[in-house]
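These notes concern the structure reproduced below.
Nothing in this text is a laboratory measurement; each read-out follows from the coordinates by a stated rule. Quick caveat: nothing in here was measured; it's all calculated off a predicted structure. All Cβ positions, even for glycine, are placed from backbone atoms using ideal geometry, and neighbour counts span all protein chains on display.
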Amino acid sequence: MAKGYCPECDVTINLGKSPRKGQRISCFKCGSQLEVVGLSPIELDWAYDEDPDLRMDDDIDQEYTGG
């Protein structure tokens, strides 16, 4: 059984026998939305939605090109 740790509350989370990179789960203790970002060793990070309107690099580009 593969295990990872929640980056928010540090609780151990069981990921089953074959976790996949990109797999999303919720922490049962704190409710954080997490994503498997590494497999060897197992690493979990906060899951982010890819919303192009919220990307920081676009805001930075507009700031410099607009002024």
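Total residues in the stretch 1-21 satisfying the condition of being closer than 11 Å to ASP45 by Cα and among the small types (Gly, Ala, Ser): the figure is 1. Scanning the stretch 10-49 for residues that are among the hydroxyl-bearing types (Ser, Thr, Tyr) and in a loop (DSSP other than H, G, I, E, B) yields SER18, SER32, SER40, TYR48. Screening the stretch 1-33 for residues that are touching a Phe, Trp or Tyr at 6+ places or on another chain (Cβ under 8 Å) and within 18 Å of TYR48 (Cα to Cα) and picking the one that is surrounded by the fewest Cβ atoms within 10 Å (Cβ to Cβ) gives GLN33.
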